[in-house]
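Report on one structure; see the data block that follows.
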Amino acid sequence: MAPLRSFVDVLPDSHFPLENLPYGVFRPLDESPAAPPRPGVAIGDYVLDLSAVAAAGLFDGPLLNGSQCFFQVSSYYPTSFRWMAGWGLSQHVPGDGAACVERGPFDPAEAVVGEKNGVIRLSFFAADEPVLRDNADLRKKCLLPMSKVQVLLPTVIGDYTDFFSSMHHARNCGTIFRGPENPIPPNWFHIPIAYHGRASSVVISGTDITRPRGQGPPAGNSPPYFGPSRKLDFELEMAAIIGPGNALGQPVDVNEAADHIFGLVLMNDWSARDIQAWEYVPLGPFLGKSFGTSISPWIVTLDALEPFVCDASKQVGSSSTISGFRYLGTSSAAIFS
C-alpha cells in the first residue's frame, strides 16, 4: 500500500501522522478562559477544529448533517464532548468525515468531504482533496497551530475504575504491601481486581499535583504519624475511554467489550504509598490514591493502534485461561466513562 499523503506538513517523528489522528478538547490561547472549549483532531503540529468544520457545513453524512452537537449547549462542555465517551462518533457510524479521518487504506476516490458508499477516509487531510488545501480562509479557521491552543480534558469523566491488569504490576505492588512471600492474591487469577477512583481529581497532563497530607503507618510503639506523604509514587498506565454504557443490571458481553471503547490515553496514577499502606485494609485505597490522576490530552483510537496489537502474555499461575484475548501492553489499566 502506498504511503498515506496529506497536504498538511507532518514531521517524520510526529506523534500524530495520518495513521494516528486522535481526538481531544482545546481552547485557542487568544480566547478568554470563559470561552467554550472545542473538540478537535490532532494532525502533526496542528489541531482540526471540529466546530469550525461543522460551522462550514462540511459534515454532510447521515449522522452529523445539520447537527448542533459541536456547539455549546451548557456551561461546561458541549454535547460534542459527551459523544467521545458516549460513542456518538465511532467506528459504527463512519459516514461523517471526522469520525473516520484515520481509517485506511487510502483511496483517492473516497477522499471527499461527505459520504462515499457510507465510508469517509482521510476526508479533510488528503493530499488531493482541495476543500481545505485550496481555501486559505477556511484552512485558517479549521487548522490551528498546536502552539496556539490550550489542551483540556478530552471528555467529561463520569466514573473511573482502576484495574490490576498486569501480573508484573500486581506482583510489584503486592510485594510493597504484603511482602515477597505472597505478593499476588489468588483471586487475581480468576476475576478482575479493581477499585473505584475519584473522577473529580482526574486532570490533564502537566497540571501541578500537590503532595498529599495524611496519616502514615506507625513505627514500632509510636502512634501513626500525620503529615505530607513521605513515599509519593507514580504508575504509568493506559486508560480506556468507554461508552455508551449499559442499563442498570444489564451486563456487557465480554465479546462486545471492544465496541464500547472510544479510545485510549496515557495515565499517571499518582500514589502516596505510606498513606495507602495504612488505610487500604480492609476496604481498599482511599486518600492515598485519590488526590490526583493525570491523563494525556489526546484520545488515540483503537484503529490507530490495531497494527501494534499482539497476543496477551500468559498469566503464569492461573488455573484457567482466556483464549483469544489480545492486548496493547500496559503495566495496569484504568477505565473512564
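The values are calculated or read from the model by the stated rules, or taken from the named source; none is laboratory data. Predicted model only: the values in this text are computed from it and were never measured. Quick reminder, even Gly has a Cβ in these numbers, built from the backbone with ideal geometry, and neighbours come from all protein chains shown. Side chains are part of the model used for accessible areas, which takes the heavy atoms of the whole protein and leaves out ligands, DNA and RNA. Shrake-Rupley method; radii C 1.70, N 1.55, O 1.52, S 1.80 Å.
So is P244 without any contact (Cβ under 8 Å) to a residue 12 or more places away in the chain and either outside the structural domain of I43 (by the TED database) or open to solvent by less than 50 Å² (accessible area, probe 1.4 Å) (or both) or not?
No: the conditions fail for P244.
Considering (1) open to solvent by less than 20 Å² (accessible area, probe 1.4 Å); (2) modelled with pLDDT of 90 or more; (3) touching a strand residue (DSSP E or B) at 6+ places or on another chain (Cβ under 6 Å), the lone condition that Y46 does not fulfil carries the number (1).
Yes or no, residue by residue, for (1) in the same structural domain as T301 (by the TED database); (2) over 30 Å from R273 (Cβ atoms); (3) part of a loop (DSSP other than H, G, I, E, B):
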{"position": "D128", "(1), (2), (3)": "no, yes, yes"}
{"position": "V131", "(1), (2), (3)": "no, yes, no"}
{"position": "K141", "(1), (2), (3)": "no, yes, no"}
{"position": "S165", "(1), (2), (3)": "yes, no, yes"}
{"position": "N172", "(1), (2), (3)": "yes, no, no"}
{"position": "P183", "(1), (2), (3)": "yes, no, yes"}
{"position": "N187", "(1), (2), (3)": "yes, no, no"}
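One residue alone among G174, G179, G214 is more than 30 Å from D30 (Cα to Cα) and in contact with a helix residue (DSSP H, G or I) (Cβ under 6 Å, 6 or more places away or on another chain), and that residue is G214. The residues of the stretch 292-316 that are open to solvent by less than 50 Å² (accessible area, probe 1.4 Å) and assigned to a loop (DSSP other than H, G, I, E, B), listed by number, are G292, S296, P297, W298, T301, V309, A312.
For the stretch 30-54, the set of residues classified as over 25 Å from the mean Cα position of the chain (by Cα) and either in a strand (DSSP E or B) or in contact (Cβ under 8 Å) with a residue 12 or more places away in the chain (or both) consists of D30 only. Here F163 clears all of (1) touching a strand residue (DSSP E or B) at 6+ places or on another chain (Cβ under 8 Å); (2) over 19 Å from E235 (Cβ atoms) except the condition numbered (2). Determine, yes or no, whether S201 is open to solvent by 50 Å² or more (accessible area, probe 1.4 Å), within 16 Å of I157 (Cα to Cα) and in contact with a Ser or Thr (Cβ under 8 Å, 6 or more places away or on another chain). Spelling it out, it is not the case that S201 is open to solvent by 50 Å² or more (accessible area, probe 1.4 Å), within 16 Å of I157 (Cα to Cα) and in contact with a Ser or Thr (Cβ under 8 Å, 6 or more places away or on another chain).
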